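Take a look at the structure below.
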Amino acid sequence: MPKYNIIALVDCNNFFASCEILFNPELKGKPVCVLSNNDGCIIARSNEAKALGVKMGMPYFMAKKQFKNVIYLSGNHPRYNEISKRVMSKLYDYTPSVEVYSIDEAFLDLCGTRKLFRCSYEELIEKIRKEIKEDIGIDVSIGLSYSKTLAKLACEKAKEIGKKNPDIGTYKIGFREIKNELRLAKIEDIWGIGANTAALLRKHYISSAYDFTSQNDAWIKRVLGKVGLDLKYELLGEAQNPVNPEKTLPKSIQKTASFANFTNSKEYIINALNYHTHRVCKKLRHLDLVSSGVSIMLRTKDFYILSAKTNFETPVNSEFEFNLKVKELFEEIFNPNLNYRSCGVCALKLTSGNNCQLSLFNSERIEKAQKLSDAWDKIEEKFGRAKIHLGTNALN
């Protein structure tokens, strides 16, 4: 008999939109959409906006014409990050085994907590949900089961039920319910099954999660590899990927955004790249990481992508060092005869800042750049974001 885990997934409902409503209660009950950087597209919707038919990722210029009664708000990511930290901190009150999956999701390993809190696991996740709502003001949905994949499926069920009855926001898939839940779950709705994989499985007459788990191991491993086989047993309630409370460092950090309008303005695009570079470097410093390489991306009006990358002589996390390379890469790929819709910057080959060594030939310049970047962080911490900008002159 395998050892089973008790795993919960906590997911903040419509997180960015919920944060905006939290800070402005007058928005409650109204269709609200949050926009990406530079107001390019929709990245969050309130339930009221969803009911109107507003789609995730819809370009703002299209949405505002089709849905004129919707309230559109520019994203405020520092605010969202702060609320996220408060939610995640609350989860540690219940278990040390918290795996923060994204800004609005976290997995919890609740094994043993039933005795500690003297209640059932179902009662415990309801307690967590209510406390987050009362103390922070954010609605969450919580799914409970024996693996991350089943917890994700349970969480989606909790969201569905919560739309009809806001007082309900939790759902448990126990052993007795697994088979029936798998029969009801479409294969494309399973966490980890993308559109292409779902289409492949449907060609083999596999349309539900139950159909998938009914296949023999050899066939699944041959068609989908070990990942597919792990998914089968996750769906059967055997955790192949247990909750990992250890923080894993990213392999890269990327920031991109669409422009408000199509453009071929060299100055405008470079300023946008400067903005993304600052956000990337600030994230690097926050995580105490340095980067040994950088890449940039320009996406044309017709969605064609131009990209280039290069390496640093010494790992860095300063905008002033990044921008020297970003300017070179930009000059390589920029075509003034094309119109562009977005751009982005990505830091590559990340390592801990404690492990890097300065070059003998540029250490003085890098140290100076680092001090300037640290001063920039302190100014933004005291006076807020966007108080300092690097313009195109900084790259010339």
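Against the condition part of a strand (DSSP E or B), surrounded by 18 or more Cβ atoms within 10 Å (Cβ to Cβ) and in the same structural domain as Leu338 (by TED's automatic domain parsing), how does Ala272 come out, does it pass? No; evaluated as a whole, the condition is false for this residue. One residue stands out in the stretch 205-245 among those that are free of Cβ contacts under 8 Å to residues at least 12 places away in the same chain and not in a helix (DSSP H, G or I): the one that is nearest to Lys152 (Cα to Cα), namely Ser214. All of (1) touching a Pro at 6+ places or on another chain (Cβ under 8 Å); (2) assigned by TED's automatic domain parsing to the domain that holds Ser214 hold for Lys186 with one exception: (1). Scanning the stretch 55-88 for residues that are in contact with a Gly (Cβ under 8 Å, 6 or more places away or on another chain) and under 18 Å from Asp104 (Cβ atoms) yields nothing.
Can you say whether Gly237 is within 28 Å of Ala106 (Cα to Cα), more than 25 Å from the chain's Cα centre (by Cα) and exposed (fewer than 15 other Cβ atoms within 10 Å of the Cβ), as far as the supplied structure shows? No: the conditions fail for Gly237.
The values are calculated or read from the model by the stated rules, or taken from the named source; none is laboratory data. As the structure is a prediction and not an experimental result, all values here were calculated from the model. Cβ sites come from the backbone with ideal geometry, for glycine too, and all protein chains shown count toward neighbours.
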